[in-house]
Amino acid sequence: MSAPAPLLSVVIPLLNESGNVLPLIEEISASLSAYAPVGQAFEIVCVDDGSTDQTVQEVEQARKKTPQLRLIRHPIRLGMSAALRNGIRRARAPWILTIDGDRQNDPADAPRLLDLAWMKGMERKILVAGIRVNRRDTVGKRLASRFANKIRKALLNDNCPDTGCSLKVFPRDSYLELPFFNGLHRFMPALLKLYGHECIFTPVNDRPRQHGISKSDFLGRAIRGVYDLFGVIWLIRHTPAPERGEEIQ
């Protein structure tokens with residue numbers, strides 16, 4: 001008997017996350033298998049972004065127990081936006097759930113985000129994004145994130161208090177309609193709002209990192225973020241949202 005077509009693709013960008021991969025995949029599988037609307041109709045797409053540790057070997061080990069698991073590899077590091085893009089492009093399901101590979105996002109929150117996305121039907125143009133509470137990052141990282149979020153909210157009016165949270169649910173086609181650039185994942189609420197999507201933000205659990213180190217370059221990311229921000233402002237002002245025309249029979 002063939003496996004059911006996936007309803008949901010979970011996309012996980014990975015960079016040197018040895019020690020986190022196996023328990024994360026187990027948590028995701030347990031959470032979604034127990035969630036009735038999905039059950040076994042999901043796949044997990046791991047995108048290795050040029051890891052130099054045992055991340056790939058651990059994904060391969062997990063594939064022996066999790067047949068829904070797929071692996072995409074970048075020979076060199078391309079960045080989180082590219083990893084997400086390549087994973088979503090290769091996803092087989094109409095709905096996407098993104099989650100960090102460091103286990104700080106809690107897979108137990110996934111069913112609640114899916115409920116919010118699907119409560120009025122699965123044909124909605126919607127983004128449901130997590131907002132991290134009780135942040136477990138360093139003080140410096142929390143302050144930098146808070147400052148960046150305030151500036152972004154003021155200039156883009158996207159009403160998103162925590163665009164850095166990777167735990168998000170959205171339709172695959174909606175994402176693929178967006179113009180791609182490095183940093184896109186941080187501006188999805190503003191761009192999807194422009195494209196006529198409803199955006200819902202909900203509190204999610206934030207856990208301390210157990211293995212590995214953060215890959216964030218706070219100063220470099222802040223400088224790049226300023227350029228990205230003004231680029232997104234330009235896009236919003238100069239790019240009309242695409243409208244799907246109706247076919248005349």
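The values are calculated or read from the model by the stated rules, or taken from the named source; none is laboratory data. If you're wondering where the values come from, they're calculated on a predicted model, not measured in any experiment. We place every Cβ from the backbone using ideal geometry, glycine too, and count neighbours over all the protein chains shown.
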Q: Return only the number of the condition from (1) in contact with a Phe, Trp or Tyr (Cβ under 9 Å, 6 or more places away or on another chain); (2) under 16 Å from E17 (Cα atoms) that D100 does not satisfy.
A: (1)
Q.
For region 1-23: of the residues being among the hydroxyl-bearing types (S, T, Y) and at pLDDT 95 or above, which is nearest to I44 (Cα to Cα)?
A. S9
**Q.** Given (1) in contact with an Asp or Glu (Cβ under 7 Å, 6 or more places away or on another chain); (2) modelled with pLDDT of 95 or more, number of the condition I99 does not satisfy
**A.** (1)
Q: From the list S51, S31, pick out the single residue that is among the hydroxyl-bearing types (S, T, Y) and part of a helix (DSSP H, G or I).
A: S31
Q) In region 34-67, how many are within 20 Å of D106 (Cβ to Cβ), loosely packed, with under 14 Cβ neighbours inside 10 Å and of a type in the set (S, T, N, Q)? A) 0
Q. Is one or more of the residues making up region 68-78 of a type outside the set (A, V, I, L, M, F, W, C), buried (at least 17 other Cβ atoms within 10 Å of the Cβ) and outside any loop (DSSP other than H, G, I, E, B)?
A. yes
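Residues are listed down the side, and each one gets a yes or a no for (1) at pLDDT below 70; (2) surrounded by 13 or more Cβ atoms within 10 Å (Cβ to Cβ):
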site	(1), (2)
R172	no, yes
N182	no, yes
I200	no, yes
R221	yes, yes
Q249	no, no
**Q.** Counted residues, region 93-111 - those being assigned to a helix (DSSP H, G or I) and either on the phi > 0 side of the Ramachandran plot or surrounded by 15 or more Cβ atoms within 10 Å (Cβ to Cβ) (or both)
**A.** 4
Q) Could you give every pair whose Cβ atoms fall below 7 Å, whose first residue belongs to region 102-118 and is closer than 12 Å to T202 by Cβ and touching a residue at least 24 places away in the same chain (Cβ under 8 Å), and whose second residue is buried (at least 21 other Cβ atoms within 10 Å of the Cβ) and not β-branched (V, I, T), counting only separations of at least 6 or pairs across chains? A) D109/G130; D109/L167; A110/L32; A110/L97; L113/G130; L113/L167
